[in-house]
1. Each residue of the range B:121-134 in order: what ³J(HN,Hα) in whole Hz does its phi give by Karplus 6.51 cos²θ - 1.76 cosθ + 1.60, θ = phi - 60°, with x for Gly and Pro?
2. How long is chain B along each principal axis, judged by its Cα atoms, biggest number first, in Å?
3. Step through the residues of the range B:58-67 one at a time and calculate ³J(HN,Hα) from phi using the Karplus curve (6.51 cos²θ - 1.76 cosθ + 1.60, θ = phi - 60°), rounding each to whole Hz and writing x for Gly and Pro.
4. Using Cβ counts within 10 Å as a stand-in for footprinting exposure, how do B:75, B:103 rank, fewest first?
5. From zero outward in steps of 5 Å, how is the percent of C-alpha pairs of the range B:48-139 spread across the bins?
6. Rounded to the nearest Å, what's the spacing between the alpha carbon centres of the range B:93-166 and the range A:19-33? Just the number, please.
7. If eta is 0.692 mPa s and T is 37 °C, what Stokes-Einstein diffusion coefficient results for the range A:1-99, Kirkwood Rh from Cα pairs, in µm²/s?
8. Report the full-extension gain for the segment residue B:58 to residue B:149: residue separation times 0.36 nm, less the Cα-Cα distance, to one decimal in nm.
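No value in this document is a laboratory result; all are computed from the given coordinates. Keep in mind the model is a prediction, meaning the values are calculated, not measured. Cβ atoms come from the backbone with ideal geometry, glycine included; neighbour counts cover every protein chain shown.
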Amino acid sequence: MSSGVPLSWYLILSAVLFALGIAGFLFRRNIITVFMSIELMLNGVNLSFIAFSYQWKQVNGHIFAFFVMVVAAAEAAVGLAIILTVFRNRSTLNIDDISSMKD
Amino acid sequence: MDVILFLIFAVIAVVCGINVVVQTHPISSAISLIGVMGSLAVLYLLLGAEFIAAAQVIVYAGAVMVLFIFVIMLLNAGTETRRGRSYMAQLLGVPLLIAFLGLMAYFVARVFPESGGVRFGEFRGGSAQAVGRAIFTQYLLPFEVISALILIAILGAVVLARKEME
């Protein structure tokens with residue numbers, strides 16, 4: 001029987017996805033893509049929850065991943081509603097143009 | 001076999017993840033994100049999380065991404081226009097990111113040097129039955145709280161997206 005995949009590979013993959021999410025969050029200028037980068041980060045975190053759950057042979061990590069999923073769905077619904085409202089008022093999706101809270 | 005499956009789907013996930021970041025059109029990013037979520041579902045299956053894998057496909061790749069694509073099409077979001085970034089960010093961004101990743105990989109490999117391999121079928125506690133039992137006994141209160149959160153999110157989305165009525 002083969003020795004299987006080291007757990008650290010899963011964790012490193014999770015870190016890679018999280019870092020890609022950070023990169024998208026910082027570099028992209030379209031508000032929808034920024035939002036998708038957040039989803040990418042949440043997915044990366046979920047993968048390490050599941051990997052640690054496997055490591056300790058317990059189901060608790062699955063519950064946390066499930067809750068993260070639920071929160072992500074709620075966040076997507078509210079966030080996209082906010083994006084719709086912003087677009088209706090400003091007619092732009094570029095986050096450089098939506099910075100009135102900064103000034 | 002485990003290693004081959006892991007490598008195939010990890011490479012798909014990383015390539016799609018890079019695609020999410022570098023594509024300029026939001027629809028291409030969204031399609032790539034679905035690729036990431038699908039391959040992550042397979043990895044969850046390899047880790048013995050059957051219920052979470054199914055939920056990943058149904059909730060994330062299904063519901064959430066359909067919502068995203070719906071909004072992209074509704075707003076007719078076009079290709080992102082390139083703006084001039086600060087020279088510093090262009091020069092340092094990617095190397096710093098790779099350095100951060102390298103550091104993270106190094107510490108993960110140090111902390112979990114020989115933590116045993118992940119073999120498919122060794123952990124069977126991720127079935128819908130086991131997850132359901134945990135949710136409805138040990139995690140009953142968080143489950144109820146999160147259902148209230150979903151309700152509030154629905155109401156918030158409806159209120160926010162409603163047309164202003166004079």
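1. So the Karplus estimates, Gly and Pro as x, are x, 7, 10, 10, x, x, 6, 4, 5, 5, 5, x, 4, 5 Hz.
2. Largest to smallest, the principal-axis extents are 57, 46, 25 Å.
3. For the range B:58-67, the Karplus-derived couplings read 6, 7, 6, 5, x, 5, 5, 6, 4, 4 Hz, x marking Gly and Pro.
4. B:103, B:75
5. With a bin width of 5 Å, the distribution comes to 3, 9, 8, 9, 10, 14, 17, 12, 9, 6, 2.
6. 20
7. Working: Rh = 15.2 Å.
Estimated via Stokes-Einstein, D reaches 216 µm²/s.
8. Numbers: separation 91, 0.36 × 91 = 32.76 nm, distance 1.96 nm.
Contour length minus the Cα-Cα distance gives 30.8 nm.
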